[in-house]
1. Among the residues of the range 19-36, is any free of Cβ contacts under 8 Å to residues at least 40 places away in the same chain and in contact with a strand residue (DSSP E or B) (Cβ under 7 Å, 6 or more places away or on another chain)?
2. Can you tell me which residue is farthest from the chain's Cα centre (by Cα) among those in the range 58-84 that are at pLDDT 75 or above and of a type in the set (Phe, Trp, Tyr)?
3. Among the listed residues Tyr3, Tyr47, which satisfies the condition of being under 21 Å from the mean Cα position of the chain (by Cα), surrounded by 10 or more Cβ atoms within 10 Å (Cβ to Cβ) and aromatic (Phe, Trp, Tyr)?
4. Select from the range 1-20 the residues that are at pLDDT 90 or above and hydrophobic (A, V, I, L, M, F, W, C) and list them in ascending order.
5. Find the residue count for the range 18-46, including only residues that are in a helix (DSSP H, G or I) and among the polar types (S, T, N, Q).
Amino acid sequence: MGYKQKTCPRCGTEHKKRGPFCSRSCGNVREHTEEDKKIRSKKLIEYNQTPEGVASQERARRQMIAYNKGEEYQGVTIDEFAVDIPDVTDYNLEYDSSWQRAEKW
């Protein structure tokens, strides 16, 4: 299955490859409209307000601080995410009738 001779719209090189561009570097260059930029900006702002976005920003911040100090970034330890789970010892059935004791499951 041979491809016909084509001219790359970016650099003008003659080629017989699949698609209009002669190489990946030519194909990756494209002009983005202002509308596309606004949509991406809005989505990025929304993502940065989620817990995952905040964590990603914090990790990048810590990496940059370590880099600026000339240190190697060690990552986040499990102890930084550990939280104490309180013991519930005073379970009262009159508090909420929708809850059932585990023995009744």
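The values are calculated or read from the model by the stated rules, or taken from the named source; none is laboratory data. Computed from a predicted model, the values in this text were never measured in an experiment. Reconstructed Cβ throughout: ideal geometry from the backbone, glycine too, with neighbour counts over all protein chains shown.
1. Within the range 19-36, one or more residues are free of Cβ contacts under 8 Å to residues at least 40 places away in the same chain and in contact with a strand residue (DSSP E or B) (Cβ under 7 Å, 6 or more places away or on another chain).
2. Filtering the range 58-84 for residues that are at pLDDT 75 or above and of a type in the set (Phe, Trp, Tyr), the one farthest from the chain's Cα centre (by Cα) comes out as Tyr67.
3. None of the others qualify; the one that does is Tyr47.
4. Cys8, Cys11
5. The qualifying residues number 2.
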